[in-house]
Every structure is written in structure tokens, then in C-alpha cells.
Amino acid sequence: MKQIALTGIKSTGILHIGNYFGAIKPALELARRYDARYFIADYHALNTVKDPAVLSHCIREIAAGWLSAGLDPEQVIFYRQSSIPETFELTTMLMAFTAKGLMNRAHAYKSAVQENLDKNDPDAGINMGLFTYPVLMAADILLFDADIVPVGKDQAQHIEMTADIAKAVNFNYQKEVLKIPQAFIQEQVAVVPGLDGRKMSKSYNNSIPLFAPEKELRRLIMRIVTNSQPVSEPKDPQSSLIYQLYRLFAAQEEQASLAERYRAGGMGWGEAKEELFRVANRELSPLRERFAALMADPAGLDAILARGAQKARPIAAATVARFRKAAGID
Ligand code: TRP
């Protein structure tokens, strides 16, 4: 039997090519070897997104984004967290096994408190959703018997907390009520540089949106800041942001041949940007088309997610039933 890989995708913001190469592609690759369960963490998003129009749009956009990038809903169980009411029952059960001190140590919560240090109120702007965020996340994971949880490094602590909480449950009942998951952090995954050379991130305002229209894609690439080396001068591909982005989209031979042109001299930055635009657009234009089609058919999109929820719920219900029985609430 295949092992189970599960991950949650928070529906905040729009997808950029950093997400595509850093999270989406590796997760889709993993789905070929594992029994994959991927979901939109819309209740996690609610902690920060309070505008209903923004949230509902974001949920659809993220779902359509993953589908356009190649997620096959026949192969992956793909659903919305909010469609699985068992998540919230399990969250309540896990609360009883979660030390408050453990939550105090969560990085996201601690940094929010830290930011409040100069105010009189350490709790300013912190809702209980943020404080209990790791418990909801533990429920997401434990509900589906996940073996591995592919996440970025920033989420590793949450997975450790999940394992701690699950162990507390299993220890209490002296049996394996919940499967202990492990974080799966792919070290070799590309860190995609943003337009300013720092890591591509929404918060740095340096990203290339995954579904940018062709013109916008071109405009963003042309905006990349370069040095004043003249056309004739040989250039170093490895230290060039344009080349680093080019490598993500290009085949091996293309990479080698562009590197050669860099080193030979005679190629200006404008030309290098044209090459980057060409390979980026080649990869992204079919995604863009699928994305537009999915977004134009909200009912179809909702139906895909509803089918995913239908497959997910019996698994979730079995976990909750197992826990209730162990707990004496049956
Ligand atoms: N906290 C994760 C993030 O911010 C999203 C998430 C929610 C998640 N539930 C999860 C990730 C369960 C993995 C497993 O990216």
C-alpha cells in the first residue's frame, strides 16, 4: 500500500512562480508516488482574510491554480477544509490534549506577540484562530492518517507539534488512535528569486504572478534590474538573475546554450530577457488558458471540489469515530 502524503494550501493571495516551482510542482511530483490528499485551508485563511468577496475569490483562484498546474482530481483527493466538518470535531478533541504552553511557543504566535512589545497590550490584534492555528492544522493532518506532510521549512514546527499532540493522545489511550506524521521538507526544491533578487514572496512585492497575462509577464521580465555591462562583454550566467529564472523553465540543452552565449559576450541583457520571456511564456501559456477556463466555470470548479470532499469525508469520519470510541464518547 502506498503511503499517504497530505498538505494544506492556505487561500490567501495569488499564486506566483515561486509557489509553482517551490510547492506546486514538487507536490504534484510526490502525488505520483504517494496517495495524495491536498486541500484548500480556507478556515486557516479566515484568521487573516475578513473580506468575504476576497476570501471566496481566493479559494476559487487557488483551487483553479492547482488544477491548471496539473493536479489531477482523479489521482489526488482535492477538497476544501471547510467541506469536512469532522475537522472541527477533531480540533475540539485535540484541544483537550494540547498544552497551552505548546501553543505559546509557536513561531507565528510568538512573532505576533513580539511585534506588540512596544504596545501596552501583548495580545493586540491576535485572535484565538491565530493562537490555536497549530491545533486546527494538526486536525487537518491527523484526520487523514498522513504519513508525510510536504511543507516549507517555515511549517516544520507545526508538524512537530502535530506529532506531539498525536503522541499525547496515543499515550493516554495506550493504543494507536492517530498516526504520527512526519514533515517532508524537500531541500533540493528550487528557491525562486524574485524580480529584485531576494526570494520571491508576496510580502516583498517582487513576484511574477503565475497567471499574469502575456503582456504583463513580458513587462515584469523587462523590468528586471541589470548592471551596466555592455553588450560585447562576456557575462557570468550563475550570478545573473535572468539566467536563474531561465533555468527553471528551460531544458538542459537550452540552459547550456544560453550559458555559452553569456560567456561568449555579444549578448545584451535585453536579449537575455527576451529568451527568458520566450521559455516562461511557453510553459505558462497553457496553464493560463486552463486557468481562464476553470475560472469561467465556477459551478464546474465547485463540483470538482465537492467530489473531492465526498471521497475525503468517509476517511475523516472513520478517524473521528476511532477517537470517540477510544475516548468513551460513542
Ligand atoms: N499552515 C500552512 C501554511 O501556512 C497551511 C496548512 C494548513 C497546512 N493546514 C495544513 C499545511 C496541514 C500542511 C498540512 O502554509
Integer Hz, Karplus 6.51/-1.76/1.60 couplings in order for segment 271-285, x for Gly and Pro:
5, 4, 5, 4, 4, 4, 4, 4, 6, 5, 5, 4, 6, 8, 5
Among beta bridges assigned by DSSP with both residues in the chain, the antiparallel ones amount in percent, to the nearest 5, to 10
Taking amide H positions as placed in the peptide plane 1.01 Å from N, state which residues far from residue 182 in sequence (5 or more) or on other chains have amide H under 5 Å from it.
148, 149
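For segment 12-74, report the translational diffusion coefficient in µm²/s to the nearest whole number, using Stokes-Einstein at 10 °C, 1.306 mPa s, and a Kirkwood Rh over Cα pairs. Let's see the in-between values first.
On the way: Rh = 12.6 Å.
After rounding, the answer is 126 µm²/s.
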In degrees, nearest ten, helix 252-264 long axis to first principal axis of the chain (Cα):
40
Given the Cα-Cα distance of residue 299 and residue 201 and 0.36 nm per residue of separation, how much length would full extension add, in nm?
32.2 nm
How far apart, in nanometres, would the label points at residue 113 and residue 229 be if each is projected 7 angstrom from Cα along the Cα-to-Cβ direction?
4.9
Nonlocal amide H pairs with residue 265, under 5 Å, H built at 1.01 Å:
235
HN-Hα J in Hz across segment 98-108 - Karplus 6.51, -1.76, 1.60, θ = phi - 60°, x for Gly and Pro:
10, 5, 4, x, 5, 5, 4, 8, 5, 4, 5
Gap separating the Cα centres of segment 247-316 and segment 67-134, nearest whole Å:
30
Listed by chain and number, the residues whose amide H is under 5 Å from that of residue 199, excluding neighbours fewer than 5 places away on the same chain and using placed H, are 194
Any lysines whose Cα falls less than 20 Å from that of residue 119, other than same-chain ones fewer than 8 residues away, would be 110
Compute the accessible area per residue over the chain, keeping the other protein chains in place, probe 1.4 Å, unit Å².
49
Can you spot the aspartates and glutamates whose alpha carbon is less than 16 Å from residue 10's alpha carbon? Ignore those fewer than 8 places along the same chain.
42, 51, 61, 140, 154
Report, to the nearest whole %, how much of the accessible area of segment 214-310 belongs to carbon and sulfur atoms, 1.4 Å probe, protein only.
54
Based solely on its DSSP helices, what 222 nm [θ] is calculated for the chain when runs of n ≥ 4 H residues each add -39,500 (n - 2.57) and the sum is averaged over all residues, nearest 500 deg cm²/dmol?
-16500 deg cm²/dmol
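Expressed as a whole percentage, what fraction of the accessible surface of segment 48-169 belongs to carbon and sulfur atoms when a 1.4 Å probe is rolled over the protein heavy atoms? List each step's numbers first, then the result.
Working: 3070 of 5450 Å².
The C+S portion of the solvent-accessible surface of segment 48-169 is 56 percent.
The values are calculated or read from the model by the stated rules, or taken from the named source; none is laboratory data. Predicted model, so just to flag it, every value in this text is computed and none were measured. Cβ coordinates were reconstructed from backbone atoms using ideal geometry, including for glycine residues, and neighbour counts include every protein chain displayed. Quick note on the areas: whole protein, heavy atoms, side chains included, nothing else; ligands and nucleic acids left out. Shrake-Rupley method; radii C 1.70, N 1.55, O 1.52, S 1.80 Å.
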